[in-house]
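Peer 1: Sharing a structure, written as structure tokens. Questions coming.
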Amino acid sequence: MEHYNFFSIPVVRHQNIISNTEATEIFKYLIGLDNASPHEYIIGNGKTSGRTINPQVLKEFPQIEQNIQTLVDQFTEKLGVFQTKIINSWYNIQYDESELKPHVHPLGAVSGALMVNVDDNSSGLRFRNPNYELMNFCWWLTSKETEYNKEYETFNKVKTGDLFLFPSYLYHGGVLNHTNARAVIAFDCVYDLPKD
């Protein structure tokens, strides 16, 4: 028998992208800002600066932004697509009993999430299988959950300094958060097409 897993969906997790000292510095900066507000995608007590209010949070940390851009370049190289560049970045802060609803970033090609302040009580990061609605079977016909029929894949234990990169079309969100100030910087990248 020959077995093939076709049409993979790439999600990359880099660990320790920022040090604890850098994370503390970034967190203090974010908590000190007054430009975040509640958002329809955060259930419960939480806020976001959104893509339009403060669309360039990473610009405040140019070396970290450059390090992330290098990892994004490696991601697109592995995929075999044109490079992308970071065009915006914003932050979310969630408090206890909050949850980030599943959503996509329709204007991006590659998106990312940098964990700035998380602990063992923090919401993980959950991705939805984009093929789930296309499957020719329903949950009541499933005898067991496998990598082929599961609806979600969840990173339950995220750590400060984790960076996740994924295609922007991939639905992602969280589970119930129990950290008092879970802080994440999110960003989108668009194709940086060669000019000839």
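Peer 1: Name the single residue that is nearest to N67 (Cα to Cα) among those in region 150-185 being touching a helix residue (DSSP H, G or I) at 6+ places or on another chain (Cβ under 9 Å) and small (G, A, S).
Peer 2: G161
Peer 1: Would you point out which residue out of Y91, Y95 is open to solvent by less than 20 Å² (accessible area, probe 1.4 Å) and among the aromatic types (F, W, Y)?
Peer 2: Working: Y95 fails: open to solvent by less than 20 Å² (accessible area, probe 1.4 Å).
Going through Y91, Y95 in turn, the sole match is Y91.
Peer 1: Hey, among V81, V158, which residue is open to solvent by 20 Å² or more (accessible area, probe 1.4 Å), within 21 Å of F187 (Cα to Cα), part of a loop (DSSP other than H, G, I, E, B) and in contact with a strand residue (DSSP E or B) (Cβ under 8 Å, 6 or more places away or on another chain)?
Peer 2: Working: V158 fails: open to solvent by 20 Å² or more (accessible area, probe 1.4 Å).
Among V81, V158, only V81 is open to solvent by 20 Å² or more (accessible area, probe 1.4 Å), within 21 Å of F187 (Cα to Cα), part of a loop (DSSP other than H, G, I, E, B) and in contact with a strand residue (DSSP E or B) (Cβ under 8 Å, 6 or more places away or on another chain).
Peer 1: Do we find that E133 is exposed (fewer than 13 other Cβ atoms within 10 Å of the Cβ) and at pLDDT 95 or above in this structure?
Peer 2: Numbers: exposed (fewer than 13 other Cβ atoms within 10 Å of the Cβ): yes; at pLDDT 95 or above: no.
Judged against the criteria, E133 is not a match.
Peer 1: Still on this structure, please answer the following. Name the single residue, out of those in region 20-56 being assigned to a loop (DSSP other than H, G, I, E, B) and within 19 Å of the chain's Cα centre (by Cα), that is surrounded by the most Cβ atoms within 10 Å (Cβ to Cβ). Working first, answer last.
Peer 2: Going through region 20-56, the residues assigned to a loop (DSSP other than H, G, I, E, B) turn out to be 33-36, 38-41, 44-45, 49, 54-55.
Subsequent filtering for residues that are within 19 Å of the chain's Cα centre (by Cα) retains 36, 38-41, 49, 54-55.
Working: A36: 19, P38: 11, H39: 16, E40: 8, Y41: 16, S49: 24, N54: 19, P55: 16.
By that ranking, first place goes to S49.
The values are calculated or read from the model by the stated rules, or taken from the named source; none is laboratory data. Note that the structure is predicted; figures quoted are calculated from it, not measured. Glycine also receives a Cβ, built like all others from the backbone with ideal geometry; neighbour counts cover every protein chain displayed. The protein model used for the area step is the full one, side chains on, heavy atoms only, and it has no ligands, DNA or RNA in it. Shrake-Rupley method; radii C 1.70, N 1.55, O 1.52, S 1.80 Å.
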